[in-house]
Amino acid sequence: MNFICRATQETYPLDVPRWRSESGNLLDIQFLPRLDWEMTTLRPYDLWRYREVMPLSDMARPVSFGEGFTPLQKMSFGPKTAWVKLDFLFPSGSYKDRGSTLMMSYLRDRGVTEVVQDSSGNAGASVAQYAARAGIKCRIFLPAGTSPAKIAQMQFCGAEIVEIDGSREDTARAAREAAETTFYASHVWHPLFFHGTKTFAYELYEQFNFKAPDTIVLPAGNGTLLLGVYIGFWELFHTGAIPKMPKLIGVQAAACAPLYQAFQNGETTVPALNPEPTLAEGIAIAQPLRGPQMLEYVRETGGRFLAIEEAEIIQMWHHLASQGYFVEPTSAAVIAGLQFYLAHEAQSDERVVSVLSGHGLKSVEKMKRPLAG
Ligand SMILES: *Cc1c(COP(=O)(O)O)cnc(C)c1O
């Protein structure tokens, strides 16, 4: 088990925490774990039942709330049906907890006592809660304009908040500077995070009775879920558990769709763009650091990216609420992508899965306008 630099292939031992390589590039983890399913299926229904696929020392104790193994529900769109995983039911209200539970377990085990993080909201809220659970000091850098509910969530759990008067990218820079003297627990840089979100794939495999679905429609901002899902199914594929990789579809908001544009133009890097505002703040990432990796993985599975207009996001948000699904608008964008895929591209017998990624309580202030009429 090693960290491996995405640019130079240089490797580093996993027992020394680091968030980037010596050359300053992104890291992945070299690891091909195999589960003993007979033992796994006897364990409690949370994501720690997949303990052996976590790149952690045997002695490490989980920083956990017993999270995961979220419900998988059928959802119908006219004559077509898909399955949706209810990942807004995590302790912090988003699937980011899949990554945080593993990353914070690793950091506590490695003796890290203080972290910094930057986030447009949900990753910060998640890291703040798991830092509190772990007894690790936490400082979070936020761009001005972050949802008040998400800021309250972080602060109330004891995180120190630093609001940066600038862009999302300025915020990340400020966090990296602070990380010179503490540890950067970034959900985008730290590769452990993706080995937590990969539990989404293991859960699906088990919930589909030890089979993979055909297609998975996922949010595509920084790719913390999309890349994790790829890693999980890649492991299942390379250990012979499944015969092929499922197709991955990444959903962006049309107002901020750099990956969609790169994909449509056949590019391997992500163009610079000036994003428009969008209700789907969770996927409004103008410069996704792991963008080239997301393009590569999605292409490799035969998938694609979709871009969803604001009007469709709002319409789907209301539709979901009318069915009792109280989620944030980012989740509605993903389900609008699912609906589009089902209507235009899915085969009749194709097994398609998607996700409800974030809880509605996080965006109550955004509901005021539609409620006022
Ligand atoms: C983070 C997040 C996303 C997007 O995930 P990325 O990792 O940025 O691709 C989607 N929905 C919610 C609720 C999120 O918190």
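Structural remarks
- Residue among PRO246, PRO258 that is more than 16 Å from the ligand (Cβ to nearest atom), touching a helix residue (DSSP H, G or I) at 6+ places or on another chain (Cβ under 8 Å), within 29 Å of LYS362 (Cβ to Cβ) and at pLDDT 95 or above: PRO246
- Listed by position, the strands (runs of 3 or more DSSP E) contained in region 112-184 that have at least 1 residues being at pLDDT below 95, under 19 Å from GLY99 (Cβ atoms) and in contact with a Ser or Thr (Cβ under 7 Å, 6 or more places away or on another chain) are 114-118, 137-143.
- Single match in LEU320, LEU279 (criterion: within 14 Å of the ligand (Cβ to nearest atom), farther than 21 Å from ASP214 by Cβ and touching a Lys or Arg at 6+ places or on another chain (Cβ under 9 Å)): LEU279
- Filtered residues of region 107-126 (kept if within 18 Å of the chain's Cα centre (by Cα) and on the phi < 0 side of the Ramachandran plot): GLN117, ASP118, SER119, SER120, ASN122, ALA123, GLY124, ALA125, SER126
- Among the candidates LEU306, LEU279, LEU259, residue that is assigned to a helix (DSSP H, G or I) and out of contact with any Cys (no Cβ under 9 Å at 6 or more places or on another chain): LEU259
- Long-range neighbours under 9 Å by Cβ, at least six apart or interchain, first residue within 16 Å of GLY221 (Cβ to Cβ) and in contact (Cβ under 8 Å) with a residue 60 or more places away in the chain within region 253-276, second aliphatic (A, V, I, L, M) and not in a strand (DSSP E or B): ALA253/LEU279; ALA253/ALA280; ALA253/ILE283; ALA253/ALA284; ALA253/ILE313; ALA253/ALA333
- When the test is whether a residue is more than 14 Å from the ligand (Cβ to nearest atom) and either in a helix (DSSP H, G or I) or closer than 24 Å to ILE308 by Cβ (or both), TYR230 does not pass it.
For (1) more than 16 Å from the ligand (Cβ to nearest atom); (2) of a type in the set (Ser, Thr, Tyr); (3) within 25 Å of TYR341 (Cα to Cα); (4) in contact with a Lys or Arg (Cβ under 8 Å, 6 or more places away or on another chain), each residue gets a yes or a no:
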| residue | (1), (2), (3), (4) |
| --- | --- |
| LEU72 | yes, no, yes, yes |
| ASP97 | no, no, no, no |
| LEU102 | no, no, no, no |
| TYR106 | yes, yes, no, no |
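- Pair list, Cβ under 7 Å, 6 or more apart: region 324-335 residue within 9 Å of HIS359 (Cβ to Cβ) and in a helix (DSSP H, G or I), other residue of a type in the set (Gly, Ala, Ser) and at pLDDT 95 or above: SER331/SER357; SER331/GLY358
- Complete set of residues in region 14-65 that are under 21 Å from the mean Cα position of the chain (by Cα), of a type in the set (Ser, Thr, Tyr) and more than 15 Å from LEU102 (Cβ to Cβ): TYR45
- Note on region 196-217: among residues that are surrounded by 19 or more Cβ atoms within 10 Å (Cβ to Cβ) and either within 21 Å of VAL116 (Cβ to Cβ) or of a type in the set (S, T, N, Q) (or both), the one that is nearest to the chain's Cα centre (by Cα) is THR197.
- In region 345-362, the residue that is nearest to the chain's Cα centre (by Cα) out of those that are surrounded by fewer than 24 Cβ atoms within 10 Å (Cβ to Cβ) and farther than 16 Å from THR81 by Cβ is HIS359.
The values are calculated or read from the model by the stated rules, or taken from the named source; none is laboratory data. Given the structure is predicted, the values throughout are model-derived calculations rather than measurements. Cβ sites come from the backbone with ideal geometry, for glycine too, and all protein chains shown count toward neighbours.
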